[in-house]
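The values are calculated or read from the model by the stated rules, or taken from the named source; none is laboratory data. No experiment lies behind these values; they were computed from the predicted model shown. A quick note on method: Cβ atoms are made from the backbone with ideal geometry, for glycine too, and the neighbour counts reach across all protein chains shown. Note: accessible area is taken over every heavy atom of the protein model, side chains too, but ligands, DNA and RNA are not part of it. Shrake-Rupley method; radii C 1.70, N 1.55, O 1.52, S 1.80 Å.
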Amino acid sequence: MGAGTATIRVTVNGRPESLQVPVGLTLLEMVRDSLGLKGTKEGCSAGDCGACTVLLNGRPVNSCLVLAVEADGHDVTTIEGLVGAGGGDDTGNDLHPVQRAFLRHGAIQCGFCSPGMIMTAVGLLRANPHPTETEVRTAISGNLCRCTGYAKIVQAVMEAGRMMSLPGGEGGRGRGNH
Amino acid sequence: MATTSTLTAVGRPFERLDGERKARGQALYAADIELPSMLHGRLVRSPHAHARLLGVDPSAALAVPGVVAVLTAKDVPGRNAVGSRGVQDQPILVTDHVRFLGEPVAMVVAESVAAATQGTAKVKVDYEPLRGVFTPEEALAPDAPALFERGNLCHQARTRRGDFDAARRQAALVVTNVYRTPMVDHAFLEPHAAVARPDGGDAVTVWVTAKTVHPMMDEISRILGWPKEKVRVIAATVGGSFGGKPEIPLGCLVALAAVRTGRPVKMVYTREETFQTSAKRHPYVVRLTHAMAADGHILGLHADITADAGAYTTESRAVVGRAVGHCAGPYYIPNVDVEGRAVFTNNPAPGAMRGYGVPQVAFAHEIQMDIIAARLGLDPVEVRLRNVLKPGLPTITGQPVLEGVGAEACLLRIRELLAAEDATDPCPPQGVPDRNGELLGWGVATFYYGNGRTAVEDVGRARIRREADGSFTLFVGVPDVGQGSDTILAQVACEELRVPWPAVKVISADTAHTLETGPSSASRVTVVVGRAVQEAARRMREFLDSGGGADWRPGDPLPEMAAEYRTDSTSLDKNGQGSPYGTYTYGVQAVKVGVDPRTGKVAVRKVLAAYDVGPIVNPLLFQGQVEGGVTGGVGYALFEGIRLTEGRVANPNFHTYLLPTALDSTAPVLAETVESHDGAGPFGAKGIGEPASIPTAPAIANAIHRATGGRFFELPITMEKVYRALRR
């Protein structure tokens, strides 16, 4: 390909990808348009709303503010890559514990902020398995939600943290609930 | 009296039906739809708020690689005017007269968004700028430039009853104040988007993000000059509405572009476009005069309400029509003289937003009630109790309050809860900091809200089909805009069918499969559409109970039942008298604030609410509506506001237009319901969507007054305003 494009290798949801991308392409555009992963949402394109949050090497980023070329050689997880990652429950449900907690607590209304919100929560719980309420609120303060008023989201993240710390839960396997 | 305790589906906190799809990222919003050989649209928008359009030259844009077409007003085959509620005065592409900044003058259609964007920069447009009008006062001045031939007065509405002048003469106390509220944005997280696909040469399918699909179908068919049967409109997953969406010109434009190019077309607004050009909440100036008896009874109310309608009618008539009927609050007032008007300006046109003209007047009447209480030496709850509407008493439009309504019970319950708070956690006196250095205070606000569309017979329709496997499919014309209406209506159907949850699947808002049943707005879905669902389900159950469908064989048509429900509402006479709604939701919120005296920063510490909303269909969704509504109310009270400079939105993004974040919205919201059963909705249930938000801003204003002594008559009550008041 000509000038202005670059070849990058990224692992997306555990799958290695080799892509020829314009150097100005954002990670959000790569995920949504090049790879067709529409679960990641575009709400503002300015890093204000958090709807486009994905994990880059396990850490939440606004994918509208990251260039695809910056992800070269790195690991990207989107909402589509979350299922199965937390281990299924005894009913064979493959949802991640954070997704399950969002459903149980009614933390989803219109759902447009939900993928980004869930990715931020997963990133938080990987770094801090036992967050306080203030830590949860601080972590999601870059993810706007106009529907819920946040209370149910905060409850869901706290509960997911507790579930994941149980034996067999993601991030806490074999560690027990201490 | 029915209670939910005997019910198995209604009253249960089921997870929402679309929740798992959304949690997995599988729900398809309009911008997520991809179709083969799809084109992308971008709009050329006027940089002037008021101008004569002299000419559009697309030739340079057509030379941009990838640009397929440039559409202008000349390409509109039908009548180039759209609108809602019967007034069509807005062109989808400007013909000759630009009325607001950002109004579309041409649409560039290209192989990619990038090419379309490049193309828009190459379209040459000649304008002759005109003097604009940017406030209702300017617009009504004798020498003001007119937006329309008929002048700048968009609409006028009145409510008159009794003899206000006589009441004023008898009054022991007369209280007059002027209240101002800002334009605010819905700020749904999903920007406007639409996709159209030509189906052969003479039909089109359009996916929109919308609270309603049938009026969109009507407008597209008129724009194309096609019969309605040739236009199918489907609501994609809707990323929040709050009264906003559809953006009618957007749906028409993608349909037109698809028909002209013969290829699917998608268009997605940027956040800035959404802020600059789509509907908002109307800014109001409200002047209220209460004539009071010495014992705290309201003898009369005079109100003068002016709304900025912006550049086109959109929903301004109905918004003002609702405001003049709600501006008294839920109180019995025998003598009333109310006049409201909407005025055209060269600002972006406001439309419907959560509360539909009522949050503005509730801010005014609820601060009035607190001021009156203080002047008469009464407790704020007590003055409300002396006037609150009771069964049999008329509202200011003369509609008798239904038996079973518990507006008074809401106030009594809030009084009990506040007494308990005072016993366990009393606030220090006004102006005295607590041990954390905060000024504390509780404020209350009461409201009522008519469920359904104003002064028209509101119609709900639904259809239920029994599938071959014995399950049921419910077809309803209203989209689930995120509030959970699919789930609520399925619970009603399950209950009436007496089948276990979730044996009912829902197909909503697809003009090819669902009956017209009005919009997902006006807090009407549960009551009006819910009753139609209940009736369709009852007919299906009776059909099956009487052996219907027993001889069904594969290949036979599936058994189906449809039903229609019409509210008892009436039109209003020239004095605004009549019964404009089937029923009302009533309620009270009490809000505790903490004010930092060093900075003026206000934090909401606790929210108590009591509602007359009938039995709750789904407690999880109910609590979600209340928590979200309160949070929207906190933003409205404390910091939200579109800042306009000659029609240009100065804060068109989320780093300048701030929304409440998880760190701003930390207060527990404890919502209760009182016993109420006025029989209007299915199993007695009523609407909560808008009522959740309406009383929050005035309750906060009253709480700030209790904490600091400062009175605020204009929203938002920013930190700077509180800081200055504390220094006075």
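Tabulated results
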| quantity | calculated |
| --- | --- |
| Subset of the stretch B:284-321 (residues that are open to solvent by less than 20 Å² (accessible area, probe 1.4 Å), at positive phi and outside any strand (DSSP E or B)) | B:GLY296 |
| Yes/no for B:ALA512 being out of contact with any Gly (no Cβ under 6 Å at 6 or more places or on another chain), hydrophobic (A, V, I, L, M, F, W, C) and either modelled with pLDDT of 95 or more or open to solvent by less than 10 Å² (accessible area, probe 1.4 Å) (or both) | yes |
| Residue that is farthest from the other protein chains (Cβ to nearest Cβ), among those in the stretch B:608-628 that are part of a loop (DSSP other than H, G, I, E, B) and open to solvent by 20 Å² or more (accessible area, probe 1.4 Å) | B:PRO615 |
| Residue among B:ARG161, B:ARG168, B:ARG150 that alone is loosely packed, with under 15 Cβ neighbours inside 10 Å and not assigned by TED's automatic domain parsing to the domain that holds B:GLY377 | B:ARG150 |
| When residues of the stretch A:38-73 are limited to those that are assigned to a loop (DSSP other than H, G, I, E, B) and among the charged types (D, E, K, R), the one surrounded by the most Cβ atoms within 10 Å (Cβ to Cβ) | A:LYS41 |
| Residues that are of a type outside the set (D, E, K, R), open to solvent by less than 10 Å² (accessible area, probe 1.4 Å) and farther than 29 Å from B:SER37 by Cβ, drawn from the stretch B:101-115 | B:GLY102 |
| B:ARG461 vs. criteria touching a residue at least 12 places away in the same chain (Cβ under 8 Å), open to solvent by 10 Å² or more (accessible area, probe 1.4 Å), assigned to a strand (DSSP E or B) and of a type outside the set (Phe, Trp, Tyr) | yes |
| Residue in the stretch B:122-137 that is under 21 Å from B:ARG287 (Cβ atoms) and without any contact (Cβ under 8 Å) to a residue 12 or more places away in the chain present | yes |
| Given (1) crowded, with 24+ Cβ neighbours inside 10 Å; (2) hydrophobic (A, V, I, L, M, F, W, C); (3) more than 9 Å from chain B (Cβ to nearest Cβ), number of the condition A:LEU35 does not satisfy | (1) |
| Only one of B:ILE688, B:ILE694 that is hydrophobic (A, V, I, L, M, F, W, C) and either at positive phi or more than 14 Å from chain A (Cβ to nearest Cβ) (or both) | B:ILE694 |
| Yes/no for B:VAL87 being surrounded by fewer than 20 Cβ atoms within 10 Å (Cβ to Cβ), within 30 Å of B:CYS154 (Cβ to Cβ), of a type in the set (A, V, I, L, M) and within 27 Å of the chain's Cα centre (by Cα) | yes |
| Meets criteria (in a strand (DSSP E or B), open to solvent by less than 70 Å² (accessible area, probe 1.4 Å), touching a residue at least 40 places away in the same chain (Cβ under 8 Å) and not assigned by TED's automatic domain parsing to the domain that holds B:ASP218) for B:VAL533 | no |
| Residue list for the stretch B:491-550, restricted to those being of a type in the set (Val, Ile, Thr) and more than 22 Å from B:TYR356 (Cβ to Cβ) | B:VAL492, B:VAL499, B:VAL504, B:VAL506, B:ILE507, B:THR511, B:THR514, B:VAL533 |
| Yes/no for B:ASP96 being farther than 30 Å from B:THR454 by Cα, modelled with pLDDT of 95 or more and not assigned by TED's automatic domain parsing to the domain that holds B:VAL613 | yes |
| Verdict on B:ASP486 being open to solvent by 20 Å² or more (accessible area, probe 1.4 Å), within 14 Å of chain A (Cβ to nearest Cβ), at pLDDT 95 or above and closer than 30 Å to B:ARG85 by Cα | yes |
| Residue tally, condition crowded, with 19+ Cβ neighbours inside 10 Å, at the interface with chain B (Cβ under 7 Å from one of its Cβ atoms) and outside any loop (DSSP other than H, G, I, E, B), over the stretch A:119-148 | 1 |
| Search result, residues across the stretch B:8-41 that are within 22 Å of B:GLU111 (Cβ to Cβ) and within 14 Å of chain A (Cβ to nearest Cβ) | B:ALA30, B:ALA31, B:ASP32, B:ILE33, B:GLU34, B:LEU35, B:PRO36, B:MET38, B:HIS40 |
| Identity of the residue in the stretch B:228-252, closer than 12 Å to B:ALA193 by Cβ and more than 15 Å from the chain's Cα centre (by Cα), that ends up surrounded by the most Cβ atoms within 10 Å (Cβ to Cβ) | B:GLY251 |
| Residue among B:THR585, B:THR656, B:THR570, B:THR631 that is within 14 Å of chain A (Cβ to nearest Cβ), more than 18 Å from A:THR148 (Cα to Cα) and polar (S, T, N, Q) | B:THR656 |
| Selection from the stretch A:99-115 of residues that are assigned to a helix (DSSP H, G or I) and either under 18 Å from A:GLN155 (Cβ atoms) or among the aromatic types (Phe, Trp, Tyr) (or both) | A:GLN99, A:ARG100, A:ALA101, A:PHE102, A:LEU103, A:ARG104, A:HIS105, A:SER114 |
| Given (1) surrounded by fewer than 20 Cβ atoms within 10 Å (Cβ to Cβ); (2) part of a loop (DSSP other than H, G, I, E, B); (3) not β-branched (Val, Ile, Thr), index of the condition B:GLN118 fails | (2) |
| Test set (1) surrounded by 20 or more Cβ atoms within 10 Å (Cβ to Cβ); (2) under 28 Å from B:ASP308 (Cα atoms); (3) within 11 Å of another protein chain (Cβ to nearest Cβ) - B:VAL649 fails condition number | (3) |
| Selection within the stretch A:149-163 - open to solvent by 10 Å² or more (accessible area, probe 1.4 Å) and either more than 8 Å from chain B (Cβ to nearest Cβ) or farther than 15 Å from B:LEU663 by Cα (or both) | A:GLN155, A:MET158, A:GLU159, A:ARG162, A:MET163 |
| Residue in the stretch B:364-383 that is under 30 Å from B:ALA146 (Cβ atoms) and surrounded by 20 or more Cβ atoms within 10 Å (Cβ to Cβ) present | yes |
| Qualifying residue in the stretch A:137-145 (condition: within 23 Å of B:THR237 (Cα to Cα) and not polar (S, T, N, Q)) | yes |
